Amino acid sequence: MLQRLVRHSTRTQTHSPMPAGRSRRYGHVLLAAGVLALLAACDGGKPQMESVDGAAHGVSSLNGTTGAKPMKIALSSPDSRADPAGQPHGQSRAEVYAQVRRMTVLGKQMFFDPSLSGSGKMSCATCHNPNRAFTPANALDVQIGGTDMRRPGMRAVPTLKYLQAVPPFAEHYHDSDDEGDESVDAGPTGGLTWDGRVDRGADQARIPLLSSFEMASTPRKVADAVRAAPYADAFREVFGEHVFDDENVTFKAVLKSLETFEQSPEVFYPYTSKYDAYLAGKATLTRAEMHGLQLFNDEKKGNCASCHISQRAKDGSPPQFSDFGLIAVGVPRNRALAVNRDPRFFDLGACGPERTDLGGRAEFCGLFRTPTLRNVALKKTFFHNGIYHSLEDVMRFYARRDTNPEEFYPVVRGKVRKFDDLPRQYWANLNTDAPFDRQPGDAPVFSDAEIKDVIAFLGTLTDGWQPLAH
Ligand code: HEC
Ligand code: HEC
């Protein structure tokens, strides 16, 4: 488990001078500004925020591109065109951006359209509610879907915000932000979903649309729904008059539109939290928030920032509150999940069963991608299996997992069955750095008062903060 150790001994929160090269991971954040300027030139000085979306999207890591050549990639990659319908190439910049803008509008309409689902009742927004940072409005462990709207899922719904920064999945991730040293192996990192099994938003969107326990649709049904939708004409205008001739072409265009919508900066990565204002010197944290931040960063206490990065990257881009590493933290088994009624079933994250390419690779078992903590206070369900429903419970888990394991895992005949959701042969994969470095008899990582302060700090990560008028 060398890579795991390396990740944590090197993820420090020290600031060092900016490296010459730009971090691959955060490149897109700067791109958005560049695109904005470009659009201002293209579109007669009044860029619409929505155009930035898709445009930034075309160059982001969700496309699997990692280079730092913004405009080139955005404008010359065939991916930036509405290729599903074979749109003629050779468009001007303004045309490309107008196209992206229209695709964003379409993607948004589809995101909220239940007619794409097999039941006719479920849209992306059913599970990804915009008022809750695109997580569910209810507090169920997992959501219920399917053609009859009665089939439970197996994982909690993650936020869709700040995904633009997720790098494509890599077994060995090298990032210049690690002490400015790209030779450091940060271990398995990136990819979308809890196990990092897809890299692009379009490939991801295919999963819920076709999943038997989510939207339970088919490319044919989706194509029929779009043809009958109020936005069918707009869809034809963007993707060409033949887009409805072949259901697979239609389906691909739908996926691309959804992916484009998900890259709208003002919706999905606005960086408008109190903490962002604090980093910019425009807000003061309360005493509790400040104390919580210190506990969060303290390598001997929470050590949270070693995975949930809290400081600006060396290129100055804002922290994502995740390094997007895949990590095993030993979350207790959620016995309320339907899949877990089978005692032989284990959701092992990166080594399967949802993800299939790393099956049989024992070193990936139990690993789930570190989620961003931005907007975490808006969530009602936490961890990949949805076992907890309050930040207090999550904090208690971090603070007391090792000092008081009986509070989290089943006790059978007086013995605690620790890590009951990970078969013993994979325990070597569990992270052992602070806060996971204690044992029974030690003091918990946080007292109850400290837990309150950490939660107060997490509350500063919610977007849409308005300075109080004085
Ligand atoms: C029934 C609830 C449900 C619906 C409907 C749903 N999702 Fe999700 N979404 C989930 C769950 C659960 C996950 C995590 C899946 C996993 O880890 O395997 C997820 C993950 C994602 C992710 C990856 C997030 C990350 O952190 O990497 C994206 C992007 C996404 N969904 C977009 C969509 C889009 C677009 C739609 C509509 C086409 C949609 N979802 C419909 C439940 C849902
Ligand atoms: C070693 C890396 C690591 C450290 C250190 C760490 N986390 Fe996490 N965090 C994760 C991973 C991985 C998950 C997802 C685990 C899962 O669901 O299996 C997670 C999940 C969470 C969640 C739930 C988010 C959600 O959307 O479900 C919260 C809240 C959280 N961490 C806060 C903290 C705090 C506070 C600390 C410090 C006390 C901390 N983390 C330390 C890696 C880490």
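The values are calculated or read from the model by the stated rules, or taken from the named source; none is laboratory data. Source: prediction; values computed, not measured. So basically every Cβ, Gly included, is an ideal-geometry build from the backbone, and we count neighbours across all protein chains shown.
Some notes on this structure:
- Which listed residue, of Gly386, Gly441, is on the phi > 0 side of the Ramachandran plot and buried (at least 19 other Cβ atoms within 10 Å of the Cβ): Gly386
- Flag for Pro353 being within 17 Å of the chain's Cα centre (by Cα), under 16 Å from Thr193 (Cβ atoms) and assigned to a loop (DSSP other than H, G, I, E, B): no
- Flag if Ser322 is modelled with pLDDT of 95 or more, within 9 Å of ligand 2 (Cβ to nearest atom) and in contact with a Ser or Thr (Cβ under 6 Å, 6 or more places away or on another chain): yes
- Taking the listed residues Ser322, Ser306, Ser317, the one that is away from ligand 1 (no atom under 14 Å from the Cβ), surrounded by fewer than 23 Cβ atoms within 10 Å (Cβ to Cβ) and under 18 Å from the mean Cα position of the chain (by Cα) is Ser317, with no other qualifying.
- Residue match in region 403-410 (condition: in contact (Cβ under 8 Å) with a residue 24 or more places away in the chain and buried (at least 21 other Cβ atoms within 10 Å of the Cβ)): yes
- Of note, Lys161 satisfies the criterion of being crowded, with 21+ Cβ neighbours inside 10 Å, within 14 Å of ligand 2 (Cβ to nearest atom) and either free of Cβ contacts under 8 Å to residues at least 24 places away in the same chain or on the phi < 0 side of the Ramachandran plot (or both).
- From the list Gln91, Gln99, the lone residue that is at pLDDT below 95 and part of a loop (DSSP other than H, G, I, E, B) is Gln91.
- Of the residues making up region 180-196, those that are within 15 Å of ligand 2 (Cβ to nearest atom) and either touching a Pro at 6+ places or on another chain (Cβ under 6 Å) or of a type in the set (D, E, K, R) (or both) are Gly190, Asp195.
- Those residues of region 357-380 which are surrounded by fewer than 22 Cβ atoms within 10 Å (Cβ to Cβ) and in contact (Cβ under 8 Å) with a residue 40 or more places away in the chain, in sequence order: Asp357, Ala362, Glu363, Thr370, Pro371, Asn375, Val376, Ala377, Leu378, Lys380
- Sole exception among (1) at pLDDT below 95; (2) in contact with a Lys or Arg (Cβ under 6 Å, 6 or more places away or on another chain) for Ser306, by number: (1)
- Residue list for region 269-288, restricted to those being buried (at least 22 other Cβ atoms within 10 Å of the Cβ) and part of a helix (DSSP H, G or I): Lys274, Tyr275
- Restricting attention to region 383-402, the residues being touching a helix residue (DSSP H, G or I) at 6+ places or on another chain (Cβ under 6 Å) and without any contact (Cβ under 8 Å) to a residue 40 or more places away in the chain number 1.
- Enumeration of residues in region 191-216 that are surrounded by 22 or more Cβ atoms within 10 Å (Cβ to Cβ), assigned to a loop (DSSP other than H, G, I, E, B) and out of contact with any His (no Cβ under 7 Å at 6 or more places or on another chain): Gly191, Asp195, Gly196, Glu214, Met215
- Selection status of Arg312, at pLDDT 95 or above, basic (Lys, Arg), closer than 19 Å to Phe419 by Cβ and part of a loop (DSSP other than H, G, I, E, B): no
- Among the residues of region 448-469, none qualifies, meaning not one is of a type outside the set (A, V, I, L, M), at pLDDT 95 or above, in contact with a strand residue (DSSP E or B) (Cβ under 9 Å, 6 or more places away or on another chain) and assigned to a helix (DSSP H, G or I).
- From the list Asp195, Asp203, Asp141, Asp148, the one residue that fits, being in contact with an Asp or Glu (Cβ under 9 Å, 6 or more places away or on another chain) and more than 7 Å from ligand 1 (Cβ to nearest atom), is Asp203.
- Residue check for Ser119: surrounded by fewer than 22 Cβ atoms within 10 Å (Cβ to Cβ), more than 9 Å from ligand 1 (Cβ to nearest atom) and outside any loop (DSSP other than H, G, I, E, B): no
- Selection of first residues in region 294-309 that are within 21 Å of Asp276 (Cβ to Cβ) and more than 9 Å from ligand 2 (Cβ to nearest atom) and of second residues that are in a helix (DSSP H, G or I) and not basic (Lys, Arg), restricted to Cβ pairs under 6 Å at least 6 apart or on distinct chains, gives the following pairs, ordered by first then second residue: Asn297/Ala305.
- For the condition touching a Gly at 6+ places or on another chain (Cβ under 6 Å) and within 30 Å of Ala186 (Cβ to Cβ), Thr370 qualifies.
- One residue stands out in region 384-413 among those that are within 16 Å of ligand 1 (Cβ to nearest atom) and touching a strand residue (DSSP E or B) at 6+ places or on another chain (Cβ under 8 Å): the one that is farthest from Lys452 (Cα to Cα), namely His384.
- Screening Pro219 against (1) under 27 Å from the mean Cα position of the chain (by Cα); (2) within 23 Å of Asp148 (Cβ to Cβ); (3) surrounded by 21 or more Cβ atoms within 10 Å (Cβ to Cβ) leaves a single unmet condition, (3).
- Pair list, Cβ < 6 Å and 6+ apart or interchain, from region 441-452 residues that are touching a residue at least 60 places away in the same chain (Cβ under 8 Å) to residues that are assigned to a helix (DSSP H, G or I): Val445/Ala399; Phe446/Ala399; Glu450/Leu295
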